[in-house]
Amino acid sequence: MTNIKEAKKRLYNLVYDPPRNGPTLWEIGIPDWTAAEYFVPDPNPTLMNQLYINHGEKFRQYSLWDRYTELYPEQDLVYTVGVSNYQTNWYFARVNRKTGNKNYIPTTWKILFDLDDIDEQGNYTLQLALASATDAELQVRTNDPSTETPHFSTGLIGKDNSIARHGIHDSYWLHTITVPGSLLLTGTNIIFLTQSRGETPWRGIMYDYIRLEGSSESIDKLKQKHRNVSVPVRKP
């Protein structure tokens, strides 16, 4: 028999610094590991669960995956930074579109945003956090949706099944994506987010939080510029 002496260990303060490469240009959502802050539609009246009427967890209602098709029958979701509101314009679950009897196809969402000045030699960063994924593949393209090879792909990920079980989060995924300044434009830019796996209504993802960060090189240049500013000396 082994006796283990009881002991106490002081951990002090544990500080988590989330990854960041540059200043925030825009953001969508709240980084809280869930999709609860996004738009959850009212259920189909014929499928309504009475337990969740006027309930804080409206996402528990049945068959909300098909409500996306009813709200976006032909064109997918378009979110315009500075105009749209993630609480009313960003669907809580990234689902497939129903096109017929038990036929579901992939969807592509768009994020539109304006940039006044581009650091073409620098790198921008897209922080993409997912609150859940089920047999899904998220592809990211910048300003050109026709490129065969996406700028970034998660590959096939997730076995959470959150959409089918009426959840709002599960396994957490964080992707830090480098966006070369050469891919961006002065003026309006578009990020295309494609969930490329169709076939069923339950293959999809839930977003936690999305943030575009400015070029880290531009920050360094700005700091250097301020260091080099000479301060005039007042003559007595």
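A few notes on this one:
- Qualifying residue in region 130-146 (condition: hydroxyl-bearing (Ser, Thr, Tyr) and not in a strand (DSSP E or B)): yes
- Taking region 103-120 as the range and being more than 30 Å from residue 69 (Cα to Cα) and out of contact with any Pro (no Cβ under 9 Å at 6 or more places or on another chain) as the test, the residues that pass are 115, 116, 117, 118, 119.
- Residue within region 202-222 that is part of a loop (DSSP other than H, G, I, E, B), closer than 30 Å to residue 103 by Cβ and at pLDDT below 90 present: yes
- Within region 24-41, being under 12 Å from residue 127 (Cα atoms) and part of a loop (DSSP other than H, G, I, E, B) holds for one residue alone: 31.
- Within region 42-69, restricting attention to residues that are buried (at least 16 other Cβ atoms within 10 Å of the Cβ) and in a loop (DSSP other than H, G, I, E, B), the residue that is modelled with the highest pLDDT is 43.
- Count of residues meeting criterion [closer than 18 Å to residue 196 by Cα and of a type in the set (Ser, Thr, Tyr)] in region 70-101: 3
- Among residues of region 70-98 being loosely packed, with under 12 Cβ neighbours inside 10 Å and among the β-branched types (Val, Ile, Thr), the one that is nearest to the chain's Cα centre (by Cα) is 88.
- Residue check for residue 124: assigned to a strand (DSSP E or B), under 13 Å from the mean Cα position of the chain (by Cα) and among the hydroxyl-bearing types (Ser, Thr, Tyr): no
- Considering (1) touching a residue at least 24 places away in the same chain (Cβ under 8 Å); (2) within 28 Å of residue 214 (Cα to Cα); (3) touching a Leu at 6+ places or on another chain (Cβ under 9 Å); (4) surrounded by 14 or more Cβ atoms within 10 Å (Cβ to Cβ), the lone condition that residue 112 does not fulfil carries the number (3).
- Selected residue (only one of 168, 157, 163, 177 is surrounded by 14 or more Cβ atoms within 10 Å (Cβ to Cβ), under 22 Å from residue 21 (Cα atoms) and of a type in the set (Val, Ile, Thr)): 177
The values are calculated or read from the model by the stated rules, or taken from the named source; none is laboratory data. Everything quoted here is computed from the prediction, not taken from an experiment. Every residue, glycine among them, receives a Cβ derived from its backbone with ideal geometry; neighbour counts consider all protein chains shown.
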